[in-house]
Amino acid sequence: MLLADVVAASAAVAATRSRGAKAAAVAELLRRAGAEEVPPVTAWLAGEPLQGRIGVGWRTLSRLAHDPAPGPALTVAAVDRALTELAATAGPGSAARRKAALGELFCAATADEQRFLVRLLTGELRQGALEGVVLDAVAAAAGVPAAHVRRAFMLSGSLPQTAATALAGGVDALDAVRLRVGRPVRPMLASPGSSLDAALADLGAEVTVEHKLDGARIQVHRDGDVVRVWTRTLREVTDGVPELVERVRALPCDVAVLDGETLALDDDGRPRAFQDTMSRFGSDGADAGVLLSPYFFDLLHLDGRDLLDEPLHVRLDALARLLAAREHAPLRMPGVRRPGPEEAAQVLDDALAAGHEGVVVKALDAAYAAGRRGRAWQKVKPVHTLDLVVLGAEWGYGRRSGRLSNIHLGARDPDGGEPVMVGKTFKGMTDELLDWQTHTFPGLAHEQTSWGVLLAPELVVEVALDGAQRSPRYPGGVALRFARVVRYRPDKTPAEADTVDAVRALLTGG
């Protein structure tokens with residue numbers, strides 16, 4: 001199969017808004033792919049190389065100046081081999097070897113293929129073939145029910161591997177994929193709930209309401225004395241979290257797979273700042289001064305028994321028995337089963353009073369549906385919004401090249417000084433909004449630079465955010481967490497913007 005075939009399919013997917021049409025285009029390509037081509041083709045159409053990150057950024061690729069090949073000749077196998085070699089290139093002189101290998105690859109590519117490769121390698125290949133679409137396409141290409149594909153994907157954690165299994169062996173091969181202790185399972189996700197009352201009305205009385213911590217998702221596998229820990233993205237962090245390993249190794253079982261969250265607590269038992277927890281998962285090693293506490297809310301396997309397909313109330317009973325012997329050091333996520341409306345509200349109040357994000361409402365009859373944001377789990381937490389002043393904007397890159405994108409956000413100084421910068425964001429922006437910013441901001445700029453513009457403090461924008469955290473990067477010592485644009489507020493002046501004190505009031509962990 002030629003790379004040009006994949007590029008054409010990608011263009012067809014990008015050209016339609018119909019999920020069914022997208023899946024049909026991907027399925028047709030997968031039917032034509034050879035057995036060795038299925039994994040890389042699946043990975044590419046889902047938006048990333050089979051090799052994951054290969055250490056090549058936008059700046060490096062933008063400097064490649066090669067005339068395109070006159071016609072398509074690159075095969076899928078040849079490109080996949082080249083990317084494998086690039087991913088393995090390291091050590092002294094690796095930068096030059098990478099550049100040479102990239103140059104050779106791009107010389108053999110047509111103009112369309114070059115653009116495709118740049119977007120693939122920089123994570124900008126957003127043609128609309130998201131994970132769910134590709135899973136539907138795999139099911140169609142293999143002629144199997146989608147539920148079998150999704151379950152195998154959940155248990156293997158690999159979309160390319162699942163596609164290869166489906167197309168080679170059909171339903172029997174997919175159903176042969178089992179939970180394997182030591183191989184992480186894609187975590188079940190919660191959908192946002194509009195309110196606690198709405199979540200309870202949706203799911204009924206047979207629910208559990210649990211605290212939603214401001215921590216890091218963990219999945220822990222134990223097999224005898226061997227304990228391994230993965231993050232939400234299935235990145236292994238075992239070596240950096242010895243205290244979690246020790247706690248799980250002390251449980252009265254031989255084999256287990258647990259799902260939960262972990263976070264750092266202060267001396268009063270309240271959550272520390274989110275970045276304190278995340279410092280333990282950094283690439284530069286663990287922060288020895290921060291200890292993590294685990295809170296488990298699900299049990300997927302116990303001593304030879306898979307629990308994935310059991311209803312939640314069965315899994316919770318098994319979890320409670322497993323953790324009962326650890327009452328002096330609770331490991332169970334706080335919560336209440338089958339609460340009435342007042343009791344559920346009290347759980348939410350208690351969670352917020354303890355410094356946590358909110359609660360998760362879960363249906364007690366639901367099996368573990370990994371990797372999907374179904375309605376069986378609904379998270380309820382206060383939505384923070386702030387009105388802030390736009391201080392500047394940076395020129396975008398990749399898909400946003402040529403447009404002013406990442407905006408600088410300032411909070412009002414309550415003492416009347418200049419707005420205090422508290423973060424940046426490009427999230428929540430539509431193409432129309434990007435175009436409006438690019439057209440409007442230069443006229444408001446008091447300084448234009450190579451990276452963007454600095455603006456007079458005239459525009460107010462409403463942003464939603466998940467909270468705030470301490471930050472030495474900004475003069476106010478505080479930064480927004482996961483800010484995204486809601487709308488501009490032409491009805492408000494900078495004098496009506498929220499103050500930096502309002503931002504500091506959102507600090508988690510003090």
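The values are calculated or read from the model by the stated rules, or taken from the named source; none is laboratory data. Remember, it's a predicted structure, so these values are computed and weren't measured experimentally. FYI the Cβ positions are ideal-geometry reconstructions off the backbone, even for glycines, and counts take in every protein chain you see. Remember, those area values only see protein heavy atoms, side chains included, never the ligands or the DNA or RNA. Shrake-Rupley method; radii C 1.70, N 1.55, O 1.52, S 1.80 Å.
Annotation note: of Ala129, Ala163, the sole residue that is modelled with pLDDT of 95 or more, within 25 Å of Leu83 (Cα to Cα) and either not β-branched (Val, Ile, Thr) or not in a loop (DSSP other than H, G, I, E, B) (or both) is Ala163. Selection of the stretch 36-49 for residues being open to solvent by 40 Å² or more (accessible area, probe 1.4 Å) and modelled with pLDDT of 95 or more yields only Glu36. Looking only at residues in the stretch 405-434 that are of a type in the set (Gly, Ala, Ser) and open to solvent by 30 Å² or more (accessible area, probe 1.4 Å), the one that is farthest from Thr493 (Cα to Cα) is Gly428. Filtering the stretch 212-226 to residues that are open to solvent by 30 Å² or more (accessible area, probe 1.4 Å) and either in contact with a Pro (Cβ under 8 Å, 6 or more places away or on another chain) or of a type in the set (Ser, Thr, Tyr) (or both) leaves only Arg217. Screening Ala320 against (1) under 28 Å from Leu200 (Cβ atoms); (2) surrounded by 15 or more Cβ atoms within 10 Å (Cβ to Cβ); (3) hydrophobic (A, V, I, L, M, F, W, C) leaves a single unmet condition, (2).
A quick yes/no check of all residues on (1) of a type outside the set (Asp, Glu); (2) closer than 14 Å to Leu120 by Cα; (3) outside any helix (DSSP H, G or I); (4) open to solvent by less than 30 Å² (accessible area, probe 1.4 Å):
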residue: Ser10; (1), (2), (3), (4): yes, yes, no, yes
residue: Ala21; (1), (2), (3), (4): yes, no, no, no
residue: Ala25; (1), (2), (3), (4): yes, no, no, yes
residue: Gln51; (1), (2), (3), (4): yes, yes, yes, no
residue: Ala69; (1), (2), (3), (4): yes, no, yes, yes
residue: Leu102; (1), (2), (3), (4): yes, yes, no, yes
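For residues that are closer than 19 Å to Val177 by Cα and in contact with an Asp or Glu (Cβ under 7 Å, 6 or more places away or on another chain), tally how many sit in the stretch 287-311. Selection size over the stretch 287-311: 2. For the stretch 380-434, the set of residues classified as in a helix (DSSP H, G or I), touching a residue at least 60 places away in the same chain (Cβ under 8 Å) and not charged (D, E, K, R) consists of Gly398 only. For Arg150, are the conditions met, namely being open to solvent by 30 Å² or more (accessible area, probe 1.4 Å), part of a loop (DSSP other than H, G, I, E, B), in contact with a helix residue (DSSP H, G or I) (Cβ under 9 Å, 6 or more places away or on another chain) and at pLDDT below 95? Against the criterion (open to solvent by 30 Å² or more (accessible area, probe 1.4 Å), part of a loop (DSSP other than H, G, I, E, B), in contact with a helix residue (DSSP H, G or I) (Cβ under 9 Å, 6 or more places away or on another chain) and at pLDDT below 95), Arg150 does not qualify.
When restricted to residues that are surrounded by fewer than 19 Cβ atoms within 10 Å (Cβ to Cβ) and over 22 Å from the mean Cα position of the chain (by Cα), the stretch 477-510 contains 19. Filter the stretch 447-460 down to the residues that are of a type outside the set (Val, Ile, Thr) and under 14 Å from Gly410 (Cβ atoms) and list them by number. The answer is Leu454, Leu455, Ala456, Pro457, Glu458, Leu459. Taken over the stretch 362-404, the criterion of being β-branched (Val, Ile, Thr), open to solvent by 30 Å² or more (accessible area, probe 1.4 Å) and within 21 Å of the chain's Cα centre (by Cα) is satisfied by Val383 alone. The listed residues are Asp267, Asp202, and the only one of them that is assigned to a helix (DSSP H, G or I) and open to solvent by 50 Å² or more (accessible area, probe 1.4 Å) turns out to be Asp202. Being of a type in the set (Gly, Ala, Ser) and open to solvent by 10 Å² or more (accessible area, probe 1.4 Å): is that true of Gly260 here? It is false that Gly260 is of a type in the set (Gly, Ala, Ser) and open to solvent by 10 Å² or more (accessible area, probe 1.4 Å).
For Arg332, state whether it is at pLDDT 95 or above and either more than 26 Å from the chain's Cα centre (by Cα) or farther than 17 Å from Ala198 by Cα (or both). Answer is no for this residue. Applying the set (1) touching a residue at least 60 places away in the same chain (Cβ under 8 Å); (2) part of a helix (DSSP H, G or I); (3) surrounded by fewer than 19 Cβ atoms within 10 Å (Cβ to Cβ) to Val347 leaves exactly one unmet item: (3). Take the residues in the stretch 451-488 that are of a type in the set (Lys, Arg) and assigned to a strand (DSSP E or B), then tell me which one is farthest from Val389 (Cα to Cα). Once the filter is applied, the top-ranked residue is Arg470. Only one residue in Asp172, Asp136, Asp112 is in a helix (DSSP H, G or I), open to solvent by 30 Å² or more (accessible area, probe 1.4 Å), without any contact (Cβ under 8 Å) to a residue 12 or more places away in the chain and out of contact with any Asp or Glu (no Cβ under 8 Å at 6 or more places or on another chain), so which one is that? Result of the check over Asp172, Asp136, Asp112: Asp172. Residues that are surrounded by 11 or more Cβ atoms within 10 Å (Cβ to Cβ), more than 34 Å from the chain's Cα centre (by Cα) and in a helix (DSSP H, G or I) within the stretch 435-450 comprise just one, Leu444.
Which residue pairs have Cβ atoms closer than 8 Å, lie 6 or more positions apart in sequence or on different chains, and pair a first residue in the stretch 460-472 that is basic (Lys, Arg) with a second residue that is at pLDDT 90 or above? That search, which allows pairs on different chains as well, returns Arg470/Gly477; Arg470/Val478; Arg470/Ala479. Counting only residues that are open to solvent by 30 Å² or more (accessible area, probe 1.4 Å), in a loop (DSSP other than H, G, I, E, B) and either of a type in the set (D, E, K, R) or under 22 Å from Gly132 (Cα atoms) (or both), the stretch 183-199 holds 2 of them. Checking Thr430, Thr449, Thr438 one by one, the residue that is of a type in the set (S, T, N, Q) and at pLDDT 95 or above is Thr438 and no other. Pairs linking a residue in the stretch 204-218 that is under 21 Å from Asp350 (Cβ atoms) to a residue that is polar (S, T, N, Q) and crowded, with 21+ Cβ neighbours inside 10 Å, with Cβ atoms under 6 Å and 6 or more positions apart or on different chains, are Asp214/Thr508; Gly215/Thr262; Gly215/Thr277.
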